[in-house]
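Participant: Here you go, one structure.
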Amino acid sequence: MSTPRGFTVRRARPAEAPDLASLARDTFVETFGYLYRPEDLGAFLETSQSVAAYAPLLHDPRVGIWVAQDPHQGLVGFLTAGPCKLPVPQREDRAGEIRQLYLRAAVQREGLGTRLLALALDWLAAEGHAPLYVGVWSGNLGAQRLYARYGFEKVGEHDFPVGNQLDREFILRQKKAAPPSPAVAT
Ligand SMILES: CC(C)(COP(=O)(O)OP(=O)(O)OC[C@H]1O[C@@H](n2cnc3c(N)ncnc32)[C@H](O)[C@@H]1OP(=O)(O)O)[C@@H](O)C(=O)NCCC(=O)NCCS
């Protein structure tokens with residue numbers, strides 16, 4: 001599927017763990033690298049953003065991973081989604097989660113994040129997940145604005161570890177779609 005600037009958006013392939021891990025490391029550092037001490041950032045990248053972390057996800061049918069590819073620059077963005085793993089009290093059995101959504105800085109604010117998000121939300125719903133959650137750093141106002149457009153609202157907070165640093169993350173849940181208005185009797 002092509003987007004206006006010629007990006008292809010598609011499901012990630014099982015053999016792409018090295019490319020995906022490399023993109024995940026680059027985009028995390030670009031976005032949040034300034035927040036951490038080098039040792040905390042290094043520990044996080046080595047574990048959570050590694051080939052060993054992504055390879056099993058790419059083979060897990062419960063997890064959906066999409067990538068955006070530029071014909072010249074390779075992979076420029078990705079999204080991962082699946083069953084919700086956030087620490088939500090009394091989490092619903094079928095709760096789903098947008099787990100990661102990251103684009104390279106050079107391709108942001110052109111609608112690509114929206115494109116990836118819309119695809120993943122449709123997929124989660126088709127897989128029978130409800131309600132849908134996302135965790136977002138408390139200081140990430142841009143991403144919070146994007147999720148708000150899709151009906152996500154804050155329902156909690158938790159600490160997200162990056163090495164030994166704990167970041168305050170908001171837990172957002174998508175509001176149920178409004179029921180159709182009843183027909184007005186005439
Ligand atoms: C957040 C992100 C995925 C959004 O994707 P994108 O392609 O840049 O965003 P879109 O062009 O689809 O924009 C959709 C809306 O999101 C909001 N938004 C996105 N990034 C924003 C920013 N940096 N500042 C303010 N609003 C932002 C805006 O409301 C925007 O609509 P607008 O351009 O009409 O104002 C992308 O910017 C990104 O990868 N950022 C760095 C990583 C990150 O923060 N990921 C989220 C982790 S939870």
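Participant: Could you state the number of Å between the C-alpha centres of the range 5-35 and the range 55-102?
Facilitator: Taking the Cα centre of each part, the range 55-102 and the range 5-35 sit 12 Å apart.
Participant: Another question about this same structure. So for the pair Glu110, Glu30, with labels modelled 7 Å out along Cα→Cβ, what separation do we get in nm?
Facilitator: 1.1
Participant: Scan around Gln100 for amide H atoms under 5 Å from its own, H built in the peptide plane at 1.01 Å from N, and keep only partners 5 or more places away or cross-chain.
Facilitator: Thr80
Participant: Please arrange His129, His72, His59 by counting, for each residue, the other beta carbons lying within 10 Å of its beta carbon, fewest first.
Facilitator: By the 10 Å Cβ count, ascending: His72, His59, His129.
Participant: Another question, if that's okay. Helix-only mean residue ellipticity at 222 nm, the chain, DSSP H runs n ≥ 4 weighted -39,500 (n - 2.57), per residue, nearest 500. What is it?
Facilitator: Helix contribution divided over all residues of the chain: -10000 deg cm²/dmol.
Participant: Among the trypsin sites (Lys or Arg not before Pro) in the range 21-110, which ones are in a DSSP loop with at most 11 other Cβ atoms within 10 Å of the Cβ? Mind listing them?
Facilitator: Arg62, Arg109
Participant: Sort the range 61-108 into rounded, prolate or oblate with this rule: let a ≥ b ≥ c be the square roots of the eigenvalues of the Cα gyration tensor; rounded if a/c is under 1.5, and if a/c is not under 1.5, prolate when a/b is larger than b/c, oblate otherwise.
Facilitator: prolate
Every number here is computed from the coordinates shown, using simple stated rules; none is lab data. Being a predicted model, the structure only gives us computed values, none of them experimental. Methodologically, a virtual Cβ is constructed for each residue, glycine included, from the backbone with ideal geometry; neighbour enumeration extends over all protein chains shown.
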